[in-house]
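The values are calculated or read from the model by the stated rules, or taken from the named source; none is laboratory data. Computed from a predicted model, the values in this text were never measured in an experiment. Don't worry about glycine lacking a Cβ; one is built from the backbone with ideal geometry, like all the others, and counts go over all protein chains shown. With ligands, DNA and RNA removed, areas are computed over all heavy atoms of the protein, side chains included. Shrake-Rupley method; radii C 1.70, N 1.55, O 1.52, S 1.80 Å.
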Amino acid sequence: MPAPPPDATETTSILPGAGGAEAPSGVLVEQAPLSGAGGTVLTPAAADRSRRTLGFTFWLSVSWIGLIVVLAVIAGLLPIPDPKAIEFQPGLNPSLHHLFGTDDLGRDLFSRVIYGARVSLTVGFFSILFGLVIGGILGLLAGFYRGVTDGIVVGLSNVILAFPAFVLLIAVVSFWGPSLLHITLTIGILSIGPLAVVVRGNTIRFAQREFVMAARMLGAKNSRIIFREILANVVPSGLALGLVSVPVAIVAEGGLSFLGLSVRLPTPTWGNMIAEGRVILTQHPGVAFWPALFLFLTVLALNLVGDRLTAYFDVREGAL
């Protein structure tokens, strides 16, 4: 007696294989669940939701960045000693009055770390903001209009990318003179090339999408298409890339400070504090340890936030 036909409500779990076997007609195929961390079984919908959530590490990193930014902004209002004030008891251990102790000149380390964050964060954020604005505009124009404009922008970007960035940074700052403005502008100019290339690539991709073609058919002007249709889709990925570039700028400023090419002493920066601390590292390791720790945690937090935002926006763009 032949076997009865399979029930239409029957579910069959089929694992994908090299043969690419197809399910029998009338059989409802149930996709195999995905495994998460710790052996947790995730359905495809749950796996997609887990990719779209930012996660605890992201918010912890954002909290640290926010704390450092707030402390740097309100440093003048905090009940902490003057970072340039010299006391006649150098090398003090941490206490209630000096949370991190003092350096060999008796200057409060906690105060110098907080005030030093101002220089590092100013250079990091404003230089990348400058590069993102200029590079973003150039990338938008190059990716949208193509032709001669595209060739000029790509050529300038390749020229900037052809030089070793840190070597060029040292040369320019040495020529202009070490100051906060010169360092910020130099790092900003060096960041124009890579940011313009990324924005250009995203602009080319979105300029070929259906909603842009529909706007053209409806008679929209080029300026309206750029600012109303393309810019809104390019900004998230551009900001995510810019945030990833901020720690690079902070480390670059720290390297210049270590070489004596950043803001002059006695203005504290994380880089020149580390440079000062290496001389007395064996006697007072805290002089170099605390600024190095804050620099490390801030750069790590910025990298984690930038990487997570990049992955998050990639998922959302892929779902359009």
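Could you tell me the relative contact order of the range 232-320? Use alpha-carbon pairs under 8 Å, at least six residues apart, and round to a whole percent. Could you put the intermediate results ahead of the total?
Values: 77 pairs, mean separation 31.1, N = 89.
The value is 35 percent.
Multiply the residue separation of residue 137 and residue 174 by 0.36 nm, subtract the distance between their alpha-carbon atoms, and state the gained length in nm to one decimal.
Numbers: separation 37, 0.36 × 37 = 13.32 nm, distance 2.90 nm.
Residue separation times 0.36 nm, minus the Cα-Cα distance, leaves 10.4 nm.
Spelling out what I want: for every residue of the range 58-64, take phi, set θ = phi - 60°, compute 6.51 cos²θ - 1.76 cosθ + 1.60 (Karplus), and round to whole Hz; glycine and proline get x.
4, 5, 5, 5, 4, 4, 5
For residue 102, list long-range residues whose amide hydrogen, built 1.01 Å from N in the peptide plane, is under 5 Å from its own amide hydrogen.
Placed amide hydrogens put 91, 92, 109 under 5 Å from residue 102.
Near residue 279, within a Cβ-to-Cβ distance under 15 Å, what is the net charge of the other residues, with Lys and Arg +1 and Asp and Glu -1? Provide the component values of the computation, followed by the final result.
Details: positive: 107, 278; negative: 103, 104, 276.
Every neighbour counted, the sum reads -1.
Taking the solvent-accessible surface of protein heavy atoms with a 1.4 Å probe, what is the per residue accessible area of the range 133-206 in Å²? Could the numbers behind the result be given before it?
Details: 3600 Å² over 74 residues.
Here the per-residue accessible area is 49 Å².
With all protein chains present, how much of the accessible area of the range 162-320 (probe radius 1.4 Å) comes from carbon and sulfur, to the nearest whole percent? Working shown, then result.
Values: 5540 of 7870 Å².
Carbon with sulfur: 70 percent of the solvent-accessible area.
Given a Förster radius of 41 Å and the C-beta distance between residue 57 and residue 218 as r, what FRET efficiency does 1/(1 + (r/R0)^6) yield to the nearest 0.05? All intermediate terms of the calculation are to be shown ahead of the outcome.
Numbers: r = 44 Å, r/R0 = 1.07.
Result of the calculation: an efficiency of 0.40.
Looking at the range 185-256, which trypsin sites (Lys or Arg not before Pro) are DSSP coil and have at most 14 other C-beta atoms within 10 Å of their C-beta?
Values: sites: 200, 205, 209, 216, 221, 224, 228; in loops: 209, 221.
Those that pass, being in a loop and sparsely packed, are 209, 221.
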